[in-house]
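Chemist: Before I ask anything, let me first share the structure, which is written out below as structure tokens.
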Amino acid sequence: MEKGRERSNVASSGTDPGEREAEYTLIGIMEDGSALNRAVKEIRELGVGKDDLTVILKRQDPDAPEPFPEGTLYIVVPDDRRGLEVPIGFAVAFLLLGLFFAIIVPSIGVPTFMVFISLTAILLAGSFTRVGASPILTDMSAPREEAGAWNDQFELGKVLIFAMTKERRLIRPIREILQANGVTDSTYYVIDQRLQPRAVGEAVLHRAGPAEQEGSVMDAPRA
């Protein structure tokens, strides 16, 4: 993997005959909005296929279409509290049960109540943790340290863009497109393997187009 200024060495040489089957994934972390749309369009125009470019973003409405070039894959992580009913329910149950024991059997109820209070606090803290891209990054075996940084930026409102290619000559132009649209050295990575994001958990896979199709985990292209 290469990052920052070091990665200029990756794009500076031609394709070695012995490395023709190698694949590379370029990851950019960028602001949402028009710059993202422009970057996706320009990367597709370089010749990156519709199954070789995936955008991960967060939306309150996971079914709303995005203005990407037709065929582009993108994964939407719902920006809401869906799926939190169960942990919140358990937290309330622990609180009430602990209070019951504290009133009925004070000798053992008070320590039990303190334990249940701790469990309730843990469950509530987990319930209000911001939704991130960690499940997707874990599923595709992204490098652990880098994945943590990517997820932190995603939780702060950034968008993740994954461009995959077998042609080293495309690394530099893709990098230049990302940098021209706000991606800095610290938010740009090159991984010397194919990292294909898939929709897991509550995430929803889409393929952009006039008759946009909603997908599932099984619909995502595999390496």
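Chemist: Quick check, is ASP192 touching a residue at least 60 places away in the same chain (Cβ under 8 Å), farther than 16 Å from THR25 by Cβ and in the same structural domain as ILE75 (by TED's automatic domain parsing)?
Modeler: The answer is no for ASP192.
Chemist: Identify, from the list LEU53, LEU57, the residue that is in contact (Cβ under 8 Å) with a residue 60 or more places away in the chain, touching a Lys or Arg at 6+ places or on another chain (Cβ under 7 Å) and of a type in the set (A, V, I, L, M).
Modeler: LEU53
The values are calculated or read from the model by the stated rules, or taken from the named source; none is laboratory data. Because the structure is a prediction, the values reported are computed rather than measured. Every residue, glycine among them, receives a Cβ derived from its backbone with ideal geometry; neighbour counts consider all protein chains shown.
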